[in-house]
Amino acid sequence: MTGHATPPADVSDRNLLTDRPELYEAQFPDPQRLAARWAEDVLCRHAAGSRLLDAGCGTGRDAAWLHHHGRARRVTGFDLSPAMLAHARRHHPGPEYLAADLRGFDLGRCVFDAVLCLDSALLYCHTNGELAAFLASCRRHLAPGGLLIAEMRNGAYFLGRTDLLDTPRTRSLTWQGTTLTSVTTLWLDRAAQLLRRRRVWTADDGSPPAEQHSAWRLLFPQELRHLLRTAGFEVLELHDGPGPRTDPPWRPGSAAPPPDGPADGDRLHLVARLA
């Protein structure tokens, strides 16, 4: 990797956070690496082997923590974003980083003891076909008895609840001398079973605003169980936490949740074993 600095932010970019991984980490800080520590706790609780695949690894900060601080983990991460992968290799070295798509990936003869999918990455599989392709890819690359561990938004949370919907939420941060403000609105696309997001970025340097759209598939607990069973997995845990993104969050030393705990919160935590 070269030592060139990342160019200054330009809010007219197509996807500000994906194209600026440093900004992503500033917008969504995790200085204590709770997500990675939570994942390590789950891996240890279920006696997973050392070979770990971080699917949708993003900036690589969780993959690198697990690689260096987990129990002799050998970590591979993959992502679809070239900018994220370049950032991971430069700033979070250790794991092997590959370019691949969650919606169906082929990593050759690589075999893993566990596949990890944090921060709702699994929900970028929007259709049943994409979900089936993801699970088939996991099955192809997992050793017998291997684990699938995922942390994601909970579709069931939106049954009768609207506190996260429709009302714009504003957030600002200063990055590289520029104050960036995002206004984010979430709404439900019930026919597609998607949670859609519109985010508008503005900057105090006179740059034109940027409007970006994304979406997550909303999966319900029983639907998720059916998809996994059909794909050849046994569900070991499915509950609303505590986890790294819950309020209050999981902390090291937290008691293990009941395997079939409640699913009332806005996050789901999944552990499944390849049958």
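The values are calculated or read from the model by the stated rules, or taken from the named source; none is laboratory data. Predicted, not measured: the structure shown is a model, and the values here were computed from it. Reconstructed Cβ throughout: ideal geometry from the backbone, glycine too, with neighbour counts over all protein chains shown. Each accessible area value is taken on the protein alone, full model and side chains, heavy atoms only, with ligands, DNA and RNA left out. Shrake-Rupley method; radii C 1.70, N 1.55, O 1.52, S 1.80 Å.
The figure for PHE220 is an accessible area of roughly 60 square angstrom, using a 1.4 Å probe on the protein chains alone.
Simple spin-label estimate for ASP189 and ARG74 gives 4.1 nm between the two label positions (7 Å along the Cα-to-Cβ direction from each Cα).
Report summary: the helix-based calculation at 222 nm, which adds -39500 (n - 2.57) for every DSSP H run with n ≥ 4 and divides by the residues of the chain, gives -7000 deg cm²/dmol. Taking LEU52, LEU227, LEU147 in turn, the Gaussian network model of the chain (Cα-Cα springs below 10 Å) assigns the largest fluctuation to LEU227.
Place a label point 7 angstrom from the Cα of THR246 along the Cα-to-Cβ direction, then list the residues of region 30-45 whose backbone nitrogen is under 14 Å away. Within reach of a label on THR246: 35, 38-39, 42.
Given in Å, the Rg to one decimal and the Dmax to the nearest whole number for the Cα atoms of region 10-88 are 13.8, 47.
Computed over all pairs of different Cα atoms, the Kirkwood value for the hydrodynamic radius of region 63-106 is 10.8 Å. Taking all protein chains as they are arranged and a probe of 1.4 Å, the heavy atoms of CYS110 leave approximately 50 Å² accessible to solvent.
Just so you know, the Cα atoms of region 185-275 work out to an Rg and Dmax of 17.8, 56 Å. Note on the chain: antiparallel DSSP beta bridges, both residues inside, total approximately 70 percent of the bridges counted. For the pair region 199-269 / region 142-183, the C-alpha centres are spaced 8 Å from each other. The convex hull around the C-alpha trace of region 150-190, projected and averaged over every direction, spans 4.5 square nanometres.
Need one number: the % of Cα-Cα pairs in the chain sitting beyond the 33 Å mark. Within the chain, distances greater than 33 Å cover 20 percent of Cα pairs. GNM on the chain, alpha-carbon springs under 10 angstrom: the most fluctuating residue among SER137, SER81, SER207 is SER207. Normalised by residue number, the volume inside the convex hull of the Cα atoms of region 1-156 is 133 Å³ per residue.
Taking N as the residue count of region 78-179, its C-alpha radius of gyration divided by 2.2 N^0.38 Å amounts to 1.36.
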